[in-house]
2 protein chains.
Amino acid sequence: MDDSFDLGQFLPYALNQAAEAASLGFQARYRQRYGMLRTEWRVLFHLGRHGDMTAKEICDRASLHKTKVSRAVHALEEKRFLRRTEQIHDRRHETLSLTPKGQAVYADLYKAARAYDAALSAQFTSQERDVLDRCLKKLAQS
Amino acid sequence: MDDSFDLGQFLPYALNQAAEAASLGFQARYRQRYGMLRTEWRVLFHLGRHGDMTAKEICDRASLHKTKVSRAVHALEEKRFLRRTEQIHDRRHETLSLTPKGQAVYADLYKAARAYDAALSAQFTSQERDVLDRCLKKLAQS
DNA sequence: TATTGTTAGTTACAAATCAAACTAATATCT
DNA sequence: AGATATTAGTTTGATTTGTAACTAACAATA
């Protein structure tokens with residue numbers, strides 16, 4: 001019964017420690033440079049990457065709760081990174097689109113994200129990275 | 001430049017999604033059954049696993065901030081899962097020890113954790129699990 | 001033995017998160 | 001058309017976290 005099962009071996013714990021450590025470095029970038037929170041970065045990313053969409057679509061794509069998205073959108077709007085337009089045929093929907101300023105920020109963070117990811121990946125072989133990706137995806141689904 | 005680098009490929013994001021999903025199921029156990037928070041579970045685990053120690057030692061072992069530990073200790077004390085004893089030779093230190101009740105809870109959660117971990121691991125081959133462990137450990141250090 | 005520095009742990013306040021209730025617009029059903 | 005249900009998004013209040021200042025006990029140095 002007592003064969004050295006420690007927290008380090010417990011997958012949820014190990015995942016959390018890794019996730020926290022991995023987030024830290026990049027977080028510094030959007031926090032310090034643009035005063036953004038994590039959810040704001042995610043929303044910005046989705047808009048920059050996939051073009052205009054409604055808050056609901058972002059919720060679904062990013063699996064974020066609508067209150068989180070709502071607040072992130074407000075914050076990004078205040079920073080003039082995005083603007084919202086009511087849709088004519090259904091006034092419940094608002095299309096969100098990045099302003100030029102928002103696009104510039106996206107471009108910067110996108111590049112930084114790729115670089116950061118590359119740096120993290122550098123410690124693994126490409127096989128390891130493949131396994132890691134596959135495992136993480138499986139875990140995220142279950 | 002635009003070769004489909006999506007958030008899913010971004011390691012910090014993938015790690016967070018996986019970590020969140022993996023935590024959920026187990027969280028339900030200590031939350032619903034014992035009204036515990038994550039930090040409380042970690043503190044309980046360390047005490048159950050490694051025997052009496054001070055809050056500071058828990059901070060170091062679990063890499064948790066002292067305020068978090070302080071609050072968790074209070075909460076566990078209120079639930080009568082642990083008690084504290086001032087050390088005679090240095091009254092700044094208090095030794096924390098689980099009560100019988102706390103030990104019972106630890107035993108239950110320990111078993112549950114192992115089972116949960118086994119269930120998660122079941123979706124991987126043992127090679128995959130090895131790679132995963134190794135990668136997560138590396139990431140946690142950097 | 002004062003003075004200054006360190007360490008363990010707590011408290012207090014601000015920021016962030018979560019859940020649930022709410023508003024306004026549209027859809028559906030009778 | 002009128003009542004009821006859904007949907008997009010917001011607001012609110014309670015819980016949780018993070019940061020920094022604080023207290024009390026001990027150590028070190030002069």
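The values are calculated or read from the model by the stated rules, or taken from the named source; none is laboratory data. Owing to the predicted nature of the structure, the values given are computational and were not obtained by experimental measurement. Note: ideal-geometry Cβ built from the backbone for every residue, glycine included; neighbour counts use all protein chains shown. SASA here: full protein model, heavy atoms, side chains in, ligands and nucleic acids out. Shrake-Rupley method; radii C 1.70, N 1.55, O 1.52, S 1.80 Å.
Divide the volume of the convex hull around the Cα atoms of the protein assembly as shown by the residue count and you get 166 Å³ per residue.
Look at the Cα gyration tensor of segment A:93-133: its axes a ≥ b ≥ c give a/c of at least 1.5 with a/b at or below b/c, and that counts as oblate. Note on B:124-135: average number of Cβ atoms from other chains within 10 Å of each residue's Cβ is 5.
Take the Cβ atoms of B:ASP108 and B:MET53, set R0 to 25 Å, and the FRET efficiency comes out at 0.75.
Note on B:LYS111: lysines with a C-alpha under 20 Å away, same-chain residues under 8 apart excluded, are B:LYS101. Taking B:LYS138 in one copy and the same position in all the others, each labelled 7 Å out along Cα→Cβ, what are the pairwise distances from the first, in nm, shortest first? Counterpart label points of B:LYS138 in the remaining copies fall at 1.9 nm. How much of the pair distance distribution for segment A:23-109 lies past 16 Å, counting alpha-carbon pairs only, in percent? That fraction is 48 percent. I need the shape label for segment B:1-60. Rule: rounded when a/c is under 1.5, else prolate if a/b > b/c, else oblate, with a, b, c from the alpha carbon gyration tensor. Oblate shape, in that a/c is at least 1.5 and b/c is the bigger or equal ratio.
Taking the Cα centre of segment B:15-142 as reference, the dipole from Cβ charges on Lys and Arg (+1) and Asp and Glu (-1) amounts to some 220 debye. Would you list which lysines come within 22 Å of A:LYS68, measuring only between C-alpha atoms, while excluding same-chain residues fewer than 8 positions from it? Those lysines meeting the cut-off are A:LYS56, A:LYS79. Label-to-label distances for A:HIS50 across copies, nearest first, come out at 4.3 nm, using points 7 Å from Cα in the beta-carbon direction. When a 1.4 Å probe is rolled over the protein heavy atoms, the share of accessible surface on segment B:21-141 that falls to carbon and sulfur comes to 51 percent.
Taking the label point 7 Å along Cα→Cβ, B:ARG84 and its counterparts in the other copies are spaced 4.6 nm apart, in ascending order. The B-A contact accounts for roughly 5100 square angstrom of buried accessible surface, both chains included, probe 1.4 angstrom. Over the residues of chain B, the helix contribution to mean residue ellipticity at 222 nm works out to -22500 deg cm²/dmol, using -39500 (n - 2.57) for each DSSP H run of at least 4. Mean partner shielding of peptide B:18-29, defined as the number of other chain Cβ atoms within 10 Å of each residue Cβ, is 6.
Taking a straight Cα-Cα cut-off under 13 Å and skipping sequence neighbours fewer than 8 places away in the same chain, the aspartates and glutamates within cross-link reach of A:LYS66 are A:GLU40, A:GLU57. For A:GLU77 paired with A:ALA115, estimate the spin-label separation in nm (one decimal), with each label point 7 Å from Cα along the Cα-to-Cβ line. Taking the simple label geometry, A:GLU77 and A:ALA115 are separated by 3.3 nm. On a per residue basis, segment B:21-141 carries 56 Å² of accessible surface, using protein heavy atoms and a 1.4 Å probe.
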